[in-house]
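Every number here is computed from the coordinates shown, using simple stated rules; none is lab data. Quantities reported herein were computed from a predicted structural model and do not represent experimental measurements. Backbone-built Cβ (ideal geometry, glycine too); neighbour counts: all protein chains shown.
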């Protein structure tokens, strides 16, 4: 439902991210207008929708909030692992995760469905004095060796070979990872498992893994804070937090041999490459390390692109509210509005699958 100028409010609890804070403040300002009408409307619809989970999708919700009319949506950005746990325990009305549910998580959620509702990317970021965004080139195997603790200096031959035009220091590399259950961790480790046999056999992929090296930070903003303040670090965050924290992105070589940055086009290309494949009933779609292609349109596919999911019980007393909000989020206007945060357009076939699953929710 589009904004009607009379009934709109969203409250987002998203941590100490400057950009998100600004957007949430704008939403709160809008909420103060027509307060009595809002309360009457909320009573009619049965109160607020409460959600928790992915910090990756938090900035998107902050954009959507002031646009949406119908009811309050309270969202806590606690990480994908926390969101899955919260919806499984039914302490929230919906969860959000960038990692598809594992079979055990799906069983533990007792009749939940996962619906892709946005498309973006997880990004490797570095703090090397004098090296700006896009100058440092990395490959998946080199990235895996850094996080395995096998490459420990920025002037290691494996890195300098990829960056002959850069004078890289002998500074010790400090890998930074998420310390909480995270969809970004799932995306990052899923990618490393596809490009490194040693990573796949020794570490694997999940929202939480046993890290061989490095230091941890809580949520996207915690990792961003460590990277921004500590020379010699490398880490991964979702692209919206790169923008908010002015972090420096490393170019990553994809399966087609192109060094790519996370742009709307490169993220969309990764998703379009799997467009013809059958989407599973669970909607679990992996687009990391998109396959090599000779098609120029898709050759720049970003290797750490990801869908992010809203997780909802199939049977819920708030079925009507949830279906209305999620259906609206999947429409063109709200999807277009989050492009400024590098959320790319979702393929039509994915949107179709999302809407099909949404119809299965009932009270």
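Summary table below
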| read-out | value |
| --- | --- |
| Burial ranking of peptide ranges 102-109, 186-193 (average Cβ count within 10 Å, highest at the top) | 186-193, 102-109 |
| Where Rh is the Kirkwood radius over Cα pairs, Rg/Rh for the chain | 0.98 |
| Of all DSSP beta bridges in the chain, antiparallel share, percent nearest 5 | 55 percent |
| Spatial separation of Cα centroids for segment 310-363 and segment 216-231, in angstrom | 31 Å |
| Rounded tilt (10° steps) of 58-67 against the dominant C-alpha axis of the chain | 30 degrees |
| Relative contact order [Cα under 8 Å, 6+ residues apart], segment 50-104, whole percent | 49 percent |
| Cα-based helix-to-principal-axis angle, 219-229 vs the chain, degrees rounded to 10 | 40 degrees |
| Of 265, 248, 135, the one that fluctuates the most in a GNM where the chain has Cα springs shorter than 10 Å | 135 |
| Of all DSSP beta bridges in segment 122-272, antiparallel share, percent nearest 5 | 60 percent |
| Burial ranking of peptide ranges 195-205, 58-68, 84-94, 315-325 (average Cβ count within 10 Å, highest at the top) | 58-68, 84-94, 315-325, 195-205 |
| Cα gyration tensor of segment 122-272 - equivalent ellipsoid semi-axes, whole Å, descending | 19, 18, 17 |
| Value of [θ]222 nm, deg cm²/dmol, for the chain, DSSP H segments ≥ 4, -39500 (n - 2.57) each, nearest 500 | -10500 deg cm²/dmol |
| On Cα atoms only, tilt of 183-195 relative to the major axis of the chain in degrees | 40 degrees |
| Between segment 253-306 and segment 83-127, the Cα center-to-center distance that results, in Å | 21 Å |
